[in-house]
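Just so it is clear, none of the values below were taken in a lab; they were calculated from the coordinates. The shown structure was predicted, so the numbers you read here are calculated from the model rather than taken from an experiment. Virtual Cβ from ideal backbone geometry, glycine too; neighbours counted across all protein chains shown.
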Amino acid sequence: MDHTLTHRPRRLRQDRVRGLVSETSLEPSDFIAPVFVDATTDERVPIQSMPGHERVPIDESVARVEEVLETGVEAVMLFGIPESKDPDGTRAWVDDGVVQEATRRITAETDAYVITDVCLCEYTDHGHCGPLEEELRGETGHEHGPDCEHDPTLTVDNDATLEALERIAVSHAEAGADMVAPSGMMDGMVAAMRDALDREGYEHVPIMSYAAKYESAFYGPFRDAADGAPSFGDRRHYQMDPANAREALREVRLDVEQGADVLMVKPALPYLDIVASLRREFDHPIAAYNVSGEYAMLHAAAEKGWLDLEAVAHESLLSIKRAGADLILTYFAEELAERLE
Ligand code: PBG
């Protein structure tokens, strides 16, 4: 060879230097572990489509969170499965509700940073994220189904839902929640919750908004886990259209104006372009939710021997962080944190 090869990127890929030039790393403190507390059971129930995860009874909630803390993960996101459901989801804001009770115990007995999911879909009998529009609130016992003659574009009553979200947020803060996370994609949800929290003296409780949450088929396993699938229709009139990226900026800007402290993108892997664009546009901490379907598909492939689970899980989370996320909600939190430590 008679010319010099000036640029040899491989020089910096040698073992002793690659750590020095590495741009991204994962820490257990980046992770938030989702925890499902179930008021309908007094035993731990494995979640079939999410290997390694279970719904735990309220009595086991402290033990479950201690398991998370032992791995080095410091924060949990609580989801509740109530003992009963009704059209308005009233069990979501009662003082003795499943999340309120679990939060009280976990914050009294552990140092975990407790974030609560603020939504109604696990609490309404129709599975939508809030009370239904007037026209749909049929006579009691009316089952909305494929044969219904209702206008399928009608689902959740936005403004009635805001009142419920205010009550839920305050009840979670009263129980000791460190942060609240509205996930219902209602217009005005952050402002409503901020006002309510401030009015009740919880101005120090931050809001992590599921700011750009897409209407995604990747939530399938979660809906089994939390028993929150809509019994009719879908969520496309409140969650975002997967086709849209500019709309995400508009959505997120509204949440920023309303006082959101942390901005979340959900799902994570199929929406890394959105994570990267939020990173460029905003100075807030960005969270990404590596959702149930993203977890389930890696497990399924690994079970068949087609992928190395630890390697693909690590690579997935590294990609999410590289795209610009500061915090990652993930069902891999515990196993990855253990491996990192
Ligand atoms: C409820 C909620 C959902 C998820 C988190 N909060 C489900 C949904 O919108 O249907 C999904 C999480 C996951 O798939 O891991 N509003």
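Taken over the stretch 182-234, residues that are closer than 27 Å to HIS299 by Cα and either within 9 Å of the ligand (Cβ to nearest atom) or out of contact with any helix residue (DSSP H, G or I) (no Cβ under 6 Å at 6 or more places or on another chain) (or both) amount to 21. Only one entry in GLU60, GLU23 is assigned to a loop (DSSP other than H, G, I, E, B) and either among the charged types (D, E, K, R) or free of Cβ contacts under 8 Å to residues at least 24 places away in the same chain (or both), namely GLU23. Confirm whether PRO230 is within 19 Å of VAL291 (Cα to Cα), in a loop (DSSP other than H, G, I, E, B) and touching a Gly at 6+ places or on another chain (Cβ under 8 Å). Yes, satisfied. Only one of ALA112, ALA75, ALA63, ALA108 is of a type outside the set (S, T, N, Q) and closer than 13 Å to ALA175 by Cα; which? One residue alone meets the criteria, ALA108.
Exactly one residue out of ALA260, ALA268 is over 30 Å from GLY52 (Cβ atoms), in contact with a helix residue (DSSP H, G or I) (Cβ under 6 Å, 6 or more places away or on another chain) and surrounded by 24 or more Cβ atoms within 10 Å (Cβ to Cβ), and it is ALA260. I'd like to check something: does the stretch 80-102 contain any residue that is surrounded by fewer than 24 Cβ atoms within 10 Å (Cβ to Cβ), out of contact with any Ser or Thr (no Cβ under 9 Å at 6 or more places or on another chain) and of a type outside the set (Val, Ile, Thr)? Yes - at least one qualifying residue is present in the stretch 80-102.
Yes/no per residue for (1) hydroxyl-bearing (Ser, Thr, Tyr); (2) closer than 27 Å to LEU26 by Cα; (3) touching a residue at least 40 places away in the same chain (Cβ under 8 Å):
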| residue | (1), (2), (3) |
| --- | --- |
| ARG236 | no, no, no |
| ALA243 | no, no, no |
| ASP283 | no, yes, no |
| TYR295 | yes, yes, yes |
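Of all residues in the stretch 235-268, those that are within 13 Å of the ligand (Cβ to nearest atom), in a loop (DSSP other than H, G, I, E, B) and aliphatic (A, V, I, L, M) total 1. The set of residues in the stretch 191-210 being in contact (Cβ under 8 Å) with a residue 60 or more places away in the chain and either in a loop (DSSP other than H, G, I, E, B) or under 20 Å from TYR331 (Cα atoms) (or both) consists of MET208, TYR210.
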